[in-house]
Structure formats: C-alpha cells, structure tokens
Number of protein chains: 4
Amino acid sequence: MSLNTFGHLFRVTTWGESHGPALGATIDGCPPGIALSEADIQPWLDLRKPGTSKFTTQRREDDAVRILSGVFEGQTTGTPIQLMIENTDQRSKDYGEIAQAFRPGHADIAYHQKYGIRDYRGGGRSSARETAARVAAGGVARAALAALVPGLAITGYMVQMGPRTIDRSRFDAAEITRNPFWTPDPVAAADWADYLDDLRKSGNSVGAVIEVVAKGAPAGLGAPIYGKLDSDLAAAMMSINAVKAVEIGDGMASAALTGIENADEIRMGESGPEYLSNHAGGILGGISTGQDIVVRFAVKPTSSILMPRKSINLRGEEVDLVTKGRHDPCVGIRAVPVAEAMMACVILDHLLLDRGQTGGIRGRIG
Amino acid sequence: MSLNTFGHLFRVTTWGESHGPALGATIDGCPPGIALSEADIQPWLDLRKPGTSKFTTQRREDDAVRILSGVFEGQTTGTPIQLMIENTDQRSKDYGEIAQAFRPGHADIAYHQKYGIRDYRGGGRSSARETAARVAAGGVARAALAALVPGLAITGYMVQMGPRTIDRSRFDAAEITRNPFWTPDPVAAADWADYLDDLRKSGNSVGAVIEVVAKGAPAGLGAPIYGKLDSDLAAAMMSINAVKAVEIGDGMASAALTGIENADEIRMGESGPEYLSNHAGGILGGISTGQDIVVRFAVKPTSSILMPRKSINLRGEEVDLVTKGRHDPCVGIRAVPVAEAMMACVILDHLLLDRGQTGGIRGRIG
Amino acid sequence: MSLNTFGHLFRVTTWGESHGPALGATIDGCPPGIALSEADIQPWLDLRKPGTSKFTTQRREDDAVRILSGVFEGQTTGTPIQLMIENTDQRSKDYGEIAQAFRPGHADIAYHQKYGIRDYRGGGRSSARETAARVAAGGVARAALAALVPGLAITGYMVQMGPRTIDRSRFDAAEITRNPFWTPDPVAAADWADYLDDLRKSGNSVGAVIEVVAKGAPAGLGAPIYGKLDSDLAAAMMSINAVKAVEIGDGMASAALTGIENADEIRMGESGPEYLSNHAGGILGGISTGQDIVVRFAVKPTSSILMPRKSINLRGEEVDLVTKGRHDPCVGIRAVPVAEAMMACVILDHLLLDRGQTGGIRGRIG
Amino acid sequence: MSLNTFGHLFRVTTWGESHGPALGATIDGCPPGIALSEADIQPWLDLRKPGTSKFTTQRREDDAVRILSGVFEGQTTGTPIQLMIENTDQRSKDYGEIAQAFRPGHADIAYHQKYGIRDYRGGGRSSARETAARVAAGGVARAALAALVPGLAITGYMVQMGPRTIDRSRFDAAEITRNPFWTPDPVAAADWADYLDDLRKSGNSVGAVIEVVAKGAPAGLGAPIYGKLDSDLAAAMMSINAVKAVEIGDGMASAALTGIENADEIRMGESGPEYLSNHAGGILGGISTGQDIVVRFAVKPTSSILMPRKSINLRGEEVDLVTKGRHDPCVGIRAVPVAEAMMACVILDHLLLDRGQTGGIRGRIG
C-alpha cells in the first residue's frame, strides 16, 4: 500500500476532499469482460449515504456515481475505471474557528504538522466522506467477484456500540438491514437507539465495533510473508477513518487461549477439509483456508463533538474548542458498508495475485 | 507490501526456510553514510535467539549475521545490504507424520492448498525462524534512525500471558530485560514463570499480548490515506507469525469510549503541542503527532503442541496428530524483539517517505 | 511502472478513452505548498491540442483541464490531485469496419487478443488522446520543479521527419515555437511543410525523431540499478504511443565509438565538475551528472492511413482495410509536448526519491 | 521498477559489489512446482563468465551459484529464491588512484555525487559483475518459462561491433555459439577478432549492438499504458551497464518509414493471425502479438581504458587518468547472455501479470 493507493493487482486510488467539487476512485487492474454499470455500484453507495436516519450526519448528498472510463457496452475493458461522485451539499458556513484551531482527537493538527497546509473545510481529505470512494470501488470489486467466485458473500454488521455489545445468541442475519445500526441483534438495536439518541442530544459521540465476514472465499488467498491476507486486511481496515484496532478470528482473545483450545481441529468433508471451530478466522499463515474469513475492528468516537475541549490554535494560543455543524454521533454506523467494500477489494486483489503466481492450481487433499 | 517485501523506500525482503542452509534479509533503500557493522546487528539477534531459557525452543542457533554487501569501510553505501544467517542446528529427524498430515492451527494446510508443495521441515517458510531476518533488518533500521532521529527509543514488552495481565502500576522499564518474558512487571514475571512451566510440561502452549512503544518520533510521519502510519504498523505487526490482532493506542477499548473521553486535549508546551492524554497512541489521521507511538498485538498460542488433536493427512484420511520436537510454549516471548524491529523499520521507512514528499518541512504552530 | 501508473513517489495514473465522457490523470505524492491552478496547466495542453494546424488531426477539442482535488487556496496540499479533461468532439460516425476489423500496425488486434473486448471508438484507450492526461500531469510536475529547481529548463523539438533530418549547424532555439513541427531548424521547417502536405494529401503518414533536453537538473538523480534515471526515462518515452526506440546521449551511435572517443573528459569549473563533451547525455551509471540530460526517440508513422492494407476481421476473414476519419499524418509532431511532460514527471519523481533516500546530501568535490 | 528490484510479480532484486564477499539475486513471486536446481542455472552463468577468451576481462571467477532458499526436493515452493555467487578473485591491488579520481565516462563520479561514498574496488555496485546476478535470475525465469510456454526460445547475438555491422544475408543461428562474439555472421566473427585484438593491444575499447529475439511468446503480454511490454523491455535493457539506446522492431529506423511501409499486413493462418512483415518487433500498443519479439540495444565502449584521459580527483584537482587492471575491450560481448536473461525475466513477469488480470483468456479471432 502506498499513499493513496491500495491493492497489488486490483489497485484502487481514491481522491477528493469533503468540500471540493467531487471525489472518486481510480481503479486499475480490473479483469476485463465483467458486466458493470452505475446501477451495480449505486445501491452500495446508497447504503453508506449520510442523512438516512437521525443517527448519521444530516448532510444531504445524493452520492450519485458516474463511470467515466474503463467500461464499454456494459463491460469492463481491463483499462482504468474512473468513478466520480460530485459533492452537492457543501453548505456555506463560517470555518473561522476550525480553520485556525485544532479539534482534539482529530487529524487537523497532524495534517498541519505534516503538510504545512490543509483543506479545513469539512475535514478535507481526512473526512469520512472519502469512504464514499471506497464503497464505489467495492461495488466494482463485488461485480468482478460475482463473476469469479459466484458463491462468495460478504456481510458486515455492528457488534458493539460504546460499552454495549450484542448477544450473539440472538444473531439474526435478516435483522441487519432492518435497523439503522446494521446490527444482527434486534434487542441491541432498540437499546442502542435510545442510548445513541441521548448521546447525540448531549453533543457527545461514541465508538463501536464492526465485524465483517466473507463466506465462500476459496482457500489459497494470501501471499506470505508480507502480503499475507490478514496483513492486507489489517492495513485495509486500519485505513478507515477512526479505526484503532483490527482483529482476525478470535483476535485479542487469542492471547488468553491455550494451544489445545485454539487449534481448529480438521475433519474430511465431502468436498475437502472441514473444521470443528474457527478461532483462526479463516486464515492460517496468512493464507485463506476456505473457512469464513472473520475480521473485526474498533472505531473510536467521532472527534467532532459539540462539547468544549481544551486545544490550541495556529498561533500557539490555548483555546476551548466546540465543533459546530453536522456530524455523526457514531461514525461506526457508516463504517459498515465501507468495511464490506474493503473486504471485497482485498479478496479480489488476492484472487488475481494468486492466479498470477500459482495459476490457481491447488494442492490436492485426498 | 507485496509478497516477501515490506516498506516503501526502506524496503526489506526476507528469504529462507527453517531448515534450509541459510536465511536472511535483502535491504534496499538504506540511506548512505550510516555507520554499520555486524556488531551493530548481532546484539538484537542475540535477544531473539532460541534456547536462551527453558521457556523457548531448545533449538541451538548462533544466529550469527554476516553483511555480504552494501557496506564499505564501515558505512552504508546506499546500495542493497544483504544480511545472511546460516542455519546450523537443523536436527536430523523423522518428519514422516508432519510431512504427510496437517497440524491443526498451523499454516501447513494453507501452504499446501496454495502452492501444492511445502517445505515441511520445521515449518519451512512459515517458521518463526523467519523473524530472525526481521530482527537483523531492524538492526540496520536502528542504526539509520540513530543517525537521523537521535532521541528515538523503541521498546517492546509483554503485557499479558494467557489470561494473566500485568499490573501497570508496577510498570518498571528496567525490569524488562531482567526476566525471560520481557515484562515490566516483576510480580507478573514470577507468576508467569510458574504458569508457563506447568503448561510446557503438559505439552500445551499459550498466547500473549505484546506492546511496543516508540518515544521521540517526530510529528508528520504517515502517508494518508492508504499509507497511514497505523495502517503500515498494523500490516507489519500482523505479518509476524501467530499475530491475530493489532491495536493502536486504546485499540479495541476505544469502542467503549465517548467522544469527550477519547479526545486527547492539547496544551501549548515549550517546544510545541503537548497532550493531556494519549488515547490515540500517537497517531491521528494516519500521521504521527509527536506523542509516544503505542502499538499492541495479540499472539495466539503455538499450534505445535504435544497433545493429540484431530486432523487429516494428504490422502484425506482422518488422523490424531501429536507434534514432536522442540517448540516454544509461548511464541509471544520471542515476538518482543521482532516487534521492536518491525517498528524500527516502519518508522525509518516513513521518515524517508516523508522527507521525499515534503522535504521534512513542518507546519509551524505558534 | 505498473499498468496505468508511472513514478515511484510522484505517481501519475492516467485514465480515459478517446470517445468516453472524459479522461484525466490522478496524481499522488505531489509535494505540498506548491502554487497551482488550472492556469498553470492549460498552456501546456494548448500546445498539444489537436487541430492547431493542417498537419494534425482536425478533431476539435478544447482540452480544458479542471482540478478536482488536491489544491486548496491556490496551493497543493500533498493529497491526490485529480485532473479531468472532458471530451467534447466525439464525432458521431460509423465505426462499422474498424469495430470488426484490425488496422495493420495498430493496437486494435493486440487489445482484442489480450482483453477479448476493446473500445474501438477512436482507438479507445490506445488513442494518442491519452497523452493529454500526461501533458496535464507534466504541468503539475513543472510547477513543483519551478519551486524546487528554479534553474531547470526542459525543451523538446523534432530533429527528423521521415528520412529528412535537421542540420544542427542551423539550430535556433527561438525557432522551435515558430513552426508547426517544433523544429529548431527553419530550413527544415519549410521543407517538411511541403513534404508532409504531399503525404497527407495522398492519405499516407510518416515517422519522426524527437529530442528532449533538460538543462539545469542537479547531479545525483537516479536510483541504480533498476531505478536508473535512464531506465525510467526509457520506459517513460517508450510508453508514448508509437514510440519504437529511445536513445540517451549518443544513443545507438555509441556503439560505433571507441573508448577514447566516448569518454567525456572532466575539468574543474568554478562550481563543480565541467565536461568537455556530452556523449553520455548527462547520465553515468544511471545517475545524473549535472550535464544536460539528452533523450531522443523515434515515433513510427501513424497506422491509421487512408490507403488500403491487407488485414483480417473478427471472424477471421481476410479483408482490405482503409481507415476513414481524422488522423495525424505525423503523430510525432504532437509527441513533442508529451515528451517534455514525461521528462518533467520523471525528473521530479527522482528528485523526491533522491531526497527521500539520501536527504539530498551530495558528495563534495574539491 | 524501483531501486534494485525489477518486475511486477516475478520480482528480482540484485545485490552485491564487484569486490565484496558475494553477490546474488533475491527472486520473489516465482510460480511453485517448477523443477529447479543449480544445474539449471549454472550453464547460463558459464556463458557470461569472464576470462573465457582473450576478448573479455582476465579476472577468473567460477561464478558458482548456490540456491539458498525457495526450492524443496527439486521444485520451487513459491517462496523467495535466494541465489548467491561468491567472489573468489578479488585480486589484491592498489586502488589508490581510482579511489581518489574519477574515470571519464564511468559511474565513479555520479555515485560519489549521489551517495557521498562509493565502493571503488572494481567499480563496486556499478561493476558489470552485477550482471552475473541477472543471468542467474534469468536461469530461474527460463525454468519457469519452459514449464509455462514450452515453445518459447530466446536468443541474443551481436550485430555490430564498433562501426562494423553484420551482413544479415549470412545470418546463421548455429554460428552464434561458435565464436567469442555471439555473432551469427561467420565473416564478421573473423573480421572482429582482428579488429578487437588491435584495439585491445592499444589499450582502447569499443561499443557494440546486441539483438535479442523471443520466438513463441503468446499474444496478449503487456499492460498498457505504463506497464507496456516494450516499456518494461526498454527499462530492463537500459538498466544493463553501458547501454545507451534501446530499439523495438525497426527502432530508430521507423522514423524514416511511411505508414504504408510500416504497417505489418495481416493474413489468416491455420492457428491465428499471420503477418507479412515485422516492423513492429512483435509488439503493438505495448502488447505482444504472437510475432517474434525483437529488441536491440547499443552498448557504449568500456570507460576503463589504458590510455590517459583528462579528469579530476576528490580534491577537485585536474589530473590525467589511466585505468590499470583487467577490463573488457568490448563489454558488449558479455552483455549477450545478460540481455537474454532480462528478456526471460520480463516475459515471465508479464505472463504472470496477464494471467492475474485476465486469467489468460484470449479474444477469439475466427
């Protein structure tokens, strides 16, 4: 991964700022001959779109994606695909204080220190708005995966908001799209609605944990040692705004296990190995095993809050700072479709990388 | 990161298998004019070396590093540095069962499925022995960092073994090198010695959590969006054998915080911004802020254990598998110097990347 | 260089087809704080623009560039710069024959064989129209170079059209912009006008040789062995449509020299080494010496000609093919601004790469 | 290509200096399951070896290659292959003058200016000795190509020495290995022997032109626009020591052709398209067509000559410099096996890249 590009063969470069004229993704290395139109991408963007409930920022954006290149007569040509989303609701406002001072917990100060200049309007390049470009790119990756790995299904959902976790015994996949939090636990959904509403009204925000699972990915994806599938997934998820931790399978909890508990025992199934558990999260030695690929990550609370915090400004003066304007009380909510998109891109990339090196030939068992 | 290389400008490629004639690291992009000899690298290798206590594998390796290129009259020349470590204790043994069957929880089966062939002797390429090459590369990175950022200090230590965590109120940096577990808590050290000895004798193993801190790194390191410092650190740590999760700053615990709790408030110090807390782990928006860079990761228990587990073999037959031979009861112990090495390599890489793009010019505050 | 991106740190990805809605360049890694607006880029595009004389294609395009990201209040921010040029004159026409058959000497058949699909409208991705994106990117590179290396001057010109070469004794730099061929030889300019007019009327086309010189580039650029400055320049120039050969300094003529003739003797000047000749074209061992960097390349004749040639079609039937429509009788003419742009991008990239690795410290002489 | 690595998926990093303990190549991304041993690589090294005739340097090196990793039980495993060649004849000598002064036409001064330090012994990293590592890597590439493209044949030969060109009507492929110059023209071989002997005795040197042809490469290799097959070949050949120009097909001579002359007409053969000529050198739009891939390059005369030339030293003093020691009077001779190796590596790399992106599916004709 380098600067604003990720991927080895399916390479995604995102560009654009929160309040510039447009943002988008330049995708290089997509397989040719994949059916693709805006209609394949737009639904994913609509899921991430702001303003769909009171729990996300009230900024209104259509997030209408246009394909500017790389598709001919409804099929990818193998040349770069340019996806552009115009910004329409860059509300005119006074950025005076944000322009001059640094929000605690925000990338403001770090961008200033690195570049000596930053587009402070809406967070500029560090805005969560950048993730729209990822979701668009994920739509392309999904179209290619649908052709190459028909059985693959990628699903993200929220498993924790603030200190409140779901009860996995109530896990209902159908519930995920029925509530504004993408959670599979209907009881948690109701509870979180009240909890977050209170936080929102108080001008505070809260963190979350998201889980993404890929079912049906083939064994053999991942390029050890430094292009391991889990390394690339960790980098991909950590690159999402506000993410502070990434887990594969049992993640941090692996540390507390003994070897006898952790080892996923193997039996021989009809069509190959089957496992009696999945502590590994579908990845061993950096390579997928054919089990579900399970990734989880923590999103910190939004740093733009309506409560005053101690900070400094450009002149080095100490100030008390309150962020005005429209913000997400739990930015983790909108990270769900983003995480699915990153998973799709990484899996497609490794699929291409693997067939490049090995030709997709697999070691036989039995 | 691609296949067996990591880094953008300071690029490290490791090579070699557990039981081949040698292993090593090919380093490209090292700054010229850095004082370097084997004596600068060997001490770090000696820290990672197996067989130094009863808590690590009893394999005996000198891990003597040789510099084969890139250094002239005691200084780096800017050309590739080849570091080679010969394997000396490849104990002759019968690999019969391991060669034919797959250890549950081990990369065996994934390598087989991807490549159709694997060097099963000692785990081949997936052996923790590969990390010796990282430690050697880290020695070079440290030498360069010593010249470029004199005040930088990188320290790793163990904060959890199995379910047993340290008590941070007993944190004593001087203790770290006094016990075989690299833990800063002397009480934990004593407790873990008994705990691990029991596990070892029973043929079982256990996981661990390692923390690495870089003090004195400059602000401005990290290339958002996809070359973020935390993305690269996450990929680097996740690439270490048996790592299943990576945290920056508060990590997974960030999810439970509110915005008001999480935002690290800023005051103006003598020489720049100072922070009242460090939930962020020294990284905002993917860029270092000048605070301590704090990374933590979980290591799963060694999968090679002396207790029988259900598995299958190459012919697809179901078997009960016991791993014989010399193994680490807690492979996390030896991950400590490896993690420091990875941190050193990533920081140096970003230092070079940053001065490439920005010239190292920093935005002024005050 | 990989797929549609070139550069190590200053990375340019071009996208777009001849007859799609738009084309452009995504630039990543530009230094921050560089003054930049559309007005800095447009003049270079105007020089390359089609339809400026009867000697280039009569397609009418404004080639108006828009900066969509990466610039704030007139300065680059260090984030990706998206440059977009909308296509306006995609003349509606019957592509029937070209869509079904392959023009001899054209990329048609190769794209079909590789991708199984191609955008045949105007050559699609293989159209010389793609070079507009390079020229736009070159405009950004020039703006950065103006800030970093104020004395640098990059000049391209045509030294041969078909078999007709210039007389270097008549070299007049001021003449270059006075004639439609960018040639420094006024006599050649007059001669070529008649020569090319005849070729054009007959429906034929012809090749050319372009030379580009960078004066004032610092010593020390180039990353041996495989990122040599001349390797990167060779790849950059060879990537321009229709280029079949690249020379550095004396180029192919070097083969006929003896060592005594070829060695550029060195004297000590006021501010460093001075050379008595420049057979090397300013590059030794892949590294710039501070002398003029001299690159020359051959452009083959346009393959789209109005005269019938033997070919085949998609069904494998043998046909006689004539290309209708608007074409360049000597595509080499418009390659001149493209070559300057590529030189600018490569030099800037190596400048950043060099200061990344070495800090820009130079070995002293004297 | 970046610094000391080339290739996208089949990545070769060379390391080592002329007078260090060893040199070699680290190969990453080789397909697994390829039969490989030292015996597959050594013959190619023996062809490049110095001291095989009076026309090459009299340095005596066995150039014995050792495979240190990546091969198990006679097959590649898909993990990094480390190839090491120990230097045995680093003749002890006085480097006094070369250490302090710069040979005109040599990389000495450029390395000094870039790095501020150089290993002056035998040219250090800029020595032609580095090419042994390429030839070894080429041996691995050939082994993989033998498995993947059985009909492929790569042949290099010299077509010009100094001003003396071969007569192509006398082209006899069998002659190439019968003379010390790898020329297919027996009359030229005899003529050049006398010519070069005289030059050698006078302490002078001379340039050469090498041609390399790949027969039997599939159509569809090459990743336009910036990973074009010809761009990568140009970079690869230009990276060889002393190369100053690269041509594809008709090369520089293309400039003098008209469109009607240049277009290679196409007919339908039994198994696909057939061409009536090959001006294009087998590459259109950066993609291979299935015709012979034809690359030619010029090698400048060796800069280390026994005749005095004006130069300067480290202190900035003007000196007359004579290079003592063992050198190649025509370094182009030993470039022949090197060029074949580079061609093999580039073709294999593009084969893997192509099957990664497209799956190797080809557009049907007929």
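The values are calculated or read from the model by the stated rules, or taken from the named source; none is laboratory data. Remember, predicted model here, so these are calculated numbers, not experimental data. When we count neighbours, we look across all protein chains shown, and the Cβ atoms used for this are built from the backbone with ideal geometry, even at glycine. Keep in mind that these areas ignore ligands, DNA and RNA; they rest on the heavy atoms of the full protein, side chains included. Shrake-Rupley method; radii C 1.70, N 1.55, O 1.52, S 1.80 Å.
Identify the single condition in (1) under 30 Å from D:A101 (Cα atoms); (2) buried (at least 18 other Cβ atoms within 10 Å of the Cβ); (3) modelled with pLDDT under 95; (4) not polar (S, T, N, Q) that D:P308 does not satisfy, given that it satisfies every other one.
Of the numbered conditions (1) under 30 Å from D:A101 (Cα atoms); (2) buried (at least 18 other Cβ atoms within 10 Å of the Cβ); (3) modelled with pLDDT under 95; (4) not polar (S, T, N, Q), the odd one out for D:P308 is (2).
Condition test on D:I225, is it more than 30 Å from D:Q42 (Cβ to Cβ) and touching an Asp or Glu at 6+ places or on another chain (Cβ under 7 Å)?
yes
Just the residues that are in a strand (DSSP E or B) and under 11 Å from C:D328 (Cα atoms), please, taken from segment C:191-208.
Across segment C:191-208, the qualifying residue is only C:V206.
Is there a residue being assigned to a loop (DSSP other than H, G, I, E, B) and either of a type in the set (S, T, N, Q) or crowded, with 17+ Cβ neighbours inside 10 Å (or both) anywhere in segment A:337-351?
Taking every residue of segment A:337-351 in turn, none turns out to be assigned to a loop (DSSP other than H, G, I, E, B) and either of a type in the set (S, T, N, Q) or crowded, with 17+ Cβ neighbours inside 10 Å (or both).
Going through segment C:256-281 one residue at a time, which ones are in contact with a Phe, Trp or Tyr (Cβ under 8 Å, 6 or more places away or on another chain) and surrounded by fewer than 19 Cβ atoms within 10 Å (Cβ to Cβ)?
C:E265, C:R267 - these are the residues of segment C:256-281 that are in contact with a Phe, Trp or Tyr (Cβ under 8 Å, 6 or more places away or on another chain) and surrounded by fewer than 19 Cβ atoms within 10 Å (Cβ to Cβ).
When you go through (1) closer than 20 Å to A:R59 by Cβ; (2) open to solvent by less than 10 Å² (accessible area, probe 1.4 Å); (3) more than 9 Å from chain C (Cβ to nearest Cβ) one by one for A:L36, which number turns out not to apply?
Of everything listed in (1) closer than 20 Å to A:R59 by Cβ; (2) open to solvent by less than 10 Å² (accessible area, probe 1.4 Å); (3) more than 9 Å from chain C (Cβ to nearest Cβ), A:L36 misses just condition (1).
Within segment B:191-212, does at least one residue satisfy the condition of being in contact with a strand residue (DSSP E or B) (Cβ under 9 Å, 6 or more places away or on another chain), more than 14 Å from every other protein chain (Cβ to nearest Cβ) and under 30 Å from B:E38 (Cβ atoms)?
Yes, the conditions are met somewhere in segment B:191-212.
Taking the condition of a type in the set (S, T, Y) and either modelled with pLDDT of 95 or more or closer than 25 Å to A:R66 by Cα (or both), does C:T88 pass?
Yes, satisfied.
Picking from A:R364, A:R355, which residue would you name as being more than 29 Å from the chain's Cα centre (by Cα), within 10 Å of another protein chain (Cβ to nearest Cβ) and not β-branched (V, I, T)?
A:R364
Residues that are touching a residue at least 60 places away in the same chain (Cβ under 8 Å) and away from chain C (no Cβ under 14 Å): does segment D:103-117 have at least one?
Looking for residues that are touching a residue at least 60 places away in the same chain (Cβ under 8 Å) and away from chain C (no Cβ under 14 Å), one finds none in segment D:103-117, hence no.
Going by what's in this entry, would B:A217 be described as touching a strand residue (DSSP E or B) at 6+ places or on another chain (Cβ under 6 Å), under 30 Å from B:I109 (Cα atoms) and outside any strand (DSSP E or B)?
Considered against the rule, which asks whether it is touching a strand residue (DSSP E or B) at 6+ places or on another chain (Cβ under 6 Å), under 30 Å from B:I109 (Cα atoms) and outside any strand (DSSP E or B), B:A217 comes out as no.
Does segment C:325-346 contain at least one residue that is more than 26 Å from the chain's Cα centre (by Cα) and at positive phi?
Within segment C:325-346, none of the residues are more than 26 Å from the chain's Cα centre (by Cα) and at positive phi.
Of a type outside the set (S, T, N, Q) and over 23 Å from D:G363 (Cβ atoms): is that true of D:A256 in this structure?
Yes, satisfied.
With the requirement that a residue be touching a residue at least 40 places away in the same chain (Cβ under 8 Å), facing chain D (nearest Cβ under 8 Å) and open to solvent by less than 30 Å² (accessible area, probe 1.4 Å), what does segment C:282-303 give you?
C:I283, C:G285, C:G286, C:I287, C:S288, C:T289, C:A298, C:V299, C:K300, C:P301, C:T302, C:S303
If I ask for residues that are in contact with a Lys or Arg (Cβ under 6 Å, 6 or more places away or on another chain) and either open to solvent by 30 Å² or more (accessible area, probe 1.4 Å) or not β-branched (V, I, T) (or both), which ones from segment A:119-172 would you list?
Within segment A:119-172, A:G124, A:A153 meet the criteria.
Anything in segment B:282-305 that is part of a loop (DSSP other than H, G, I, E, B) and either modelled with pLDDT under 95 or more than 23 Å from B:M158 (Cβ to Cβ) (or both)? List them, or say none.
If the condition is that a residue be part of a loop (DSSP other than H, G, I, E, B) and either modelled with pLDDT under 95 or more than 23 Å from B:M158 (Cβ to Cβ) (or both), then B:G285, B:G286, B:T289, B:G290, B:T302, B:S303, B:S304, B:I305 are the ones that fit.
Within segment B:155-180, how many residues turn out to be within 14 Å of chain A (Cβ to nearest Cβ), aliphatic (A, V, I, L, M) and either under 19 Å from the mean Cα position of the chain (by Cα) or within 23 Å of B:A217 (Cα to Cα) (or both)?
Summing the residues that are within 14 Å of chain A (Cβ to nearest Cβ), aliphatic (A, V, I, L, M) and either under 19 Å from the mean Cα position of the chain (by Cα) or within 23 Å of B:A217 (Cα to Cα) (or both) in segment B:155-180 gives 3.
Conditions (1) free of Cβ contacts under 8 Å to residues at least 12 places away in the same chain; (2) of a type in the set (K, R); (3) buried (at least 22 other Cβ atoms within 10 Å of the Cβ), marked per residue:
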position: A:V206; (1), (2), (3): no, no, yes
position: A:K215; (1), (2), (3): no, yes, no
position: A:K228; (1), (2), (3): no, yes, yes
position: A:S231; (1), (2), (3): no, no, yes
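Looking for something at positive phi and within 8 Å of another protein chain (Cβ to nearest Cβ) - is there at least one such residue anywhere in segment D:78-92?
So far as segment D:78-92 goes, yes, one or more of its residues are at positive phi and within 8 Å of another protein chain (Cβ to nearest Cβ).
Please go through segment A:317-334 and pick out each residue that is part of a helix (DSSP H, G or I) and either more than 11 Å from chain B (Cβ to nearest Cβ) or in contact with a Lys or Arg (Cβ under 6 Å, 6 or more places away or on another chain) (or both).
Scanning segment A:317-334 gives A:I333, A:R334.
For residues that are over 18 Å from C:I347 (Cβ atoms) and among the small types (G, A, S), scanning just segment C:235-255, find the one that is most open to solvent (accessible area, probe 1.4 Å).
Result: C:A253.
Kindly provide the set of residues from segment D:304-316 that are more than 7 Å from chain C (Cβ to nearest Cβ) and under 30 Å from the mean Cα position of the chain (by Cα), ordered by number.
Passing the criteria: D:S304, D:L306, D:P308.
Got a sec? Which helices (runs of 4 or more DSSP H) wholly within segment C:68-187 have at least 2 residues that are within 30 Å of C:K310 (Cα to Cα)?
C:96-100, C:108-115
Among the residues of segment A:242-281, how many are in a strand (DSSP E or B), at the interface with chain B (Cβ under 7 Å from one of its Cβ atoms) and free of Cβ contacts under 8 Å to residues at least 60 places away in the same chain?
8
Answer yes or no: is there a residue in segment D:33-47 that is over 26 Å from B:V12 (Cα atoms) and at pLDDT below 90.
For segment D:33-47, residues over 26 Å from B:V12 (Cα atoms) and at pLDDT below 90: present.
So, in segment B:220-236, how many residues would count as being more than 7 Å from chain A (Cβ to nearest Cβ), small (G, A, S) and assigned to a loop (DSSP other than H, G, I, E, B)?
Going through segment B:220-236 one residue at a time, the tally reaches 1.
Scan segment D:173-201 residue by residue and report those that are touching a Pro at 6+ places or on another chain (Cβ under 8 Å) and loosely packed, with under 15 Cβ neighbours inside 10 Å.
Correct list: D:A173, D:R178.
Take the conditions of a type in the set (D, E, K, R) and more than 16 Å from the chain's Cα centre (by Cα) and apply them to A:R296. Does it pass?
For A:R296, the condition - of a type in the set (D, E, K, R) and more than 16 Å from the chain's Cα centre (by Cα) - is not met.
Any idea which of B:L152, B:L148 is facing another protein chain (nearest Cβ under 10 Å), among the aliphatic types (A, V, I, L, M) and touching a residue at least 24 places away in the same chain (Cβ under 8 Å)?
Checking each option against the conditions leaves just B:L148.
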